[in-house]
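> Shown below is the structure under consideration.
Values in this text are rule-based calculations from the coordinates and carry no lab data. The shown structure was predicted, so the numbers you read here are calculated from the model rather than taken from an experiment. Methodologically, a virtual Cβ is constructed for each residue, glycine included, from the backbone with ideal geometry; neighbour enumeration extends over all protein chains shown.
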Amino acid sequence: MSAKSFEVTDPVNSSLKGFALANPSITLVPEEKILFRKTDSDKIALISGGGSGHEPTHAGFIGKGMLSGAVVGEIFASPSTKQILNAIRLVNENASGVLLIVKNYTGDVLHFGLSAERARALGINCRVAVIGDDVAVGREKGGMVGRRALAGTVLVHKIVGAFAEEYSSKYGLDGTAKVAKIINDNLVTIGSSLDHCKVPGRKFESELNEKQMELGMGIHNEPGVKVLDPIPSTEDLISKYMLPKLLDPNDKDRAFVKFDEDDEVVLLVNNLGGVSNFVISSITSKTTDFLKENYNITPVQTIAGTLMTSFNGNGFSITLLNATKATKALQSDFEEIKSVLDLLNAFTNAPGWPIADFEKTSAPSVNDDLLHNEVTAKAVGTYDFDKFAEWMKSGAEQVIKSEPHITELDNQVGDGDCGYTLVAGVKGITENLDKLSKDSLSQAVAQISDFIEGSMGGTSVVYILFFCRVFHTD
């Protein structure tokens with residue numbers, strides 16, 4: 001990973017100020033690193049927080065239907081009890097109580113726990129909900145500490161936030177805290193990263209070489225469960241390493257949540273900060289495929305994006321929520337709850353939540369038949385198909401052999417993709433030879449132009465123009 005990065009002086013306060021400028025409905029208290037909104041009276045207020053560097057967690061999830069406030073420390077460091085207590089006081093002004101949603105890391109648990117005790121001593125109705133969804137650190141290694149917190153925490157923010165908005169005036173602080181526990185009990189997450197993240201103001205350090213990556217790395221560069229050497233394909237990483245850690249019922253050390261046949265499951269694919277949207281979408285697609293193929297799980301809802309980061313972490317995490325079991329547990333205590341999905345999809349204006357018109361779906365909305373038009377051309381000329389196919393294959397072999405040299409030349413004067421594009425074009429032809437018309441040369445040429453366009457992208461237009469003029473020379 002490149003050690004280059006954009007850095008500013010006083011990065012945490014600068015980041016908080018910039019966030020507040022972009023979100024004027026959220027108030028910043030810079031001295032205490034607190035951001036908050038006004039909570040409606042008689043409702044439970046929700047606070048989360050922890051070290052900086054995981055944005056949009058935590059402040060990005062302040063909004064109606066999610067958090068009431070967030071309090072942060074320096075980079076990867078818990079806020080002080082003084083900061084947290086002041087945040088509690090601010091959000092409690094109109095609320096009937098305050099629930100602290102805390103990621104399961106030692107500093108956070110200690111500081112938020114002590115702050116809750118101090119708040120109760122002041123007469124404030126306050127409780128702590130500790131969240132841990134990571135399966136990389138199993139029961140044996142985790143011991144009394146429990147699971148670390150990863151991106152599944154954001155689903156807790158969303159679901160508990162919706163419950164607090166709609167039902168906390170009836171069920172109070174204890175009921176709201178119970179919802180947090182139920183959701184946490186039905187969450188599993190695992191992350192993977194190609195390298196450590198670059199922490200602002202610090203020298204980049206990593207024990208991983210260019211051929212290694214880490215399975216289960218934490219959001220503070222903590223060690224994972226295994227160093228993978230060599231780096232597997234992304235498909236193998238998902239199917240052979242990550243999903244088995246989440247879903248193997250025989251792994252007694254990590255089988256934290258049981259997934260039965262017909263259980264409704266929510267999938268969250270989270271970008272750790274340094275992965276492009278293009279790649280995250282590809283990972284989401286592959287994960288969905290492997291869930292269906294290997295576990296007969298078709299997510300009823302899929303969320304993909306950047307929700308909990310580790311600065312520029314070149315990795316991602318996969319979270320699964322057993323919506324069926326969570327719903328059943330909720331219904332035993334809260335008669336109004338029809339489905340946990342209703343809470344997940346309830347309105348929020350939190351700037352970090354991927355606002356969308358979510359619907360319960362088992363497959364993407366796809367219909368290839370809408371534009372399935374066969375390319376046709378006026379019948380002109382006959383030809384020997386077998387010889388033609390032989391020439392096409394021979395020419396394709398020469399293009400493929402020449403690709404490295406073409407790519408080298410294009411790297412000097414262009415963007416380096418010419419060789420790859422030409423190879424894609426000839427493969428588009430040879431892989432579809434059996435589809436060519438054997439009676440009409442003009443029809444075959446028209447089909448070839450279609451194959452090229454489908455495989456070469458923008459560069460194909462040069463060749464398509466040539467083929468289009470072959471039989472239109474008037």
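> Cross-link partners among lysines for K427, C-alpha distance below 28 Å, same-chain residues fewer than 8 apart left out?
K427 reaches K286, K378, K387, K393, K401, K435, K438.
> Cβ under 12 Å from I400's Cβ, I400 left aside: what net charge do those residues give with Lys, Arg +1 and Asp, Glu -1?
+1
> Between region 8-38 and region 384-454, how many Å separate their Cα centres?
For region 8-38 versus region 384-454, the Cα centre distance is 55 Å.
> Related question: Check C126: other-chain or 5+ apart residues with amide H under 5 Å from its amide H, H built from backbone geometry?
Placed amide hydrogens put V98 under 5 Å from C126.
> Mean separation of Cα pairs under 8 Å and 6+ residues apart, divided by the residue count of the chain: what relative contact order is that in percent?
Answer for the chain is 13 percent.
> From the phi of every residue in region 386-399, what ³J(HN,Hα) in whole Hz does the Karplus formula 6.51 cos²θ - 1.76 cosθ + 1.60 yield, where θ is phi - 60° and glycine or proline is x?
Karplus values, whole Hz, x for Gly and Pro: 4, 5, 4, 5, 5, 4, 4, 5, 5, x, 4, 4, 5, 5.
> Do you know the relative contact order of region 12-179, to the nearest whole percent, from alpha carbon pairs under 8 angstrom that are 6+ apart?
So the answer I get is 23 percent.
> Take R37, R89 and order them by how many other Cβ atoms sit within 10 Å, fewest up front.
Least crowded to most crowded, the residues run R89, R37.
> So for K325, K258, K158, K226, fewest C-beta neighbours within 10 Å to most, what's the order?
Taking fewest neighbouring Cβ atoms as first place, the list is K258, K226, K325, K158.
> With θ set to phi - 60° and the Karplus curve 6.51 cos²θ - 1.76 cosθ + 1.60, what are the ³J(HN,Hα) couplings of region 298-309 in order, to the nearest whole Hz, using x for Gly and Pro?
10, x, 7, 8, 10, 10, 9, x, 9, 10, 9, 10
> In addition: Under the Kirkwood approximation for Rh and a Cα-based Rg, what ratio Rg/Rh is obtained for region 370-470?
Radius of gyration over Kirkwood radius for region 370-470 works out to 1.01.
> Rounded to the nearest 500, what is the 222 nm mean residue ellipticity of the chain from helices alone, with -39500 (n - 2.57) per DSSP H run of 4+ residues and division by all residues?
-12500 deg cm²/dmol, from helical runs alone.
> For region 268-293 and region 98-120, compute the distance between their C-alpha centroids and round to whole Å.
Using only Cα atoms, the two centres lie 33 Å from each other.
> Less than 11 Å Cβ to Cβ from S455, Lys/Arg counted +1 and Asp/Glu -1: what total charge do the surrounding residues give?
Taking every Cβ under 11 Å from that of S455, the sum is -2.
> Now for a separate question. Tell me, Kirkwood radius of region 166-324 from alpha-carbon pair distances, in Å?
16.8
> Over all distinct Cα pairs, what is the inverse of the mean 1/r for region 1-124, reported as the Kirkwood hydrodynamic radius in Å?
Answer for region 1-124: a Kirkwood hydrodynamic radius of 14.6 Å.
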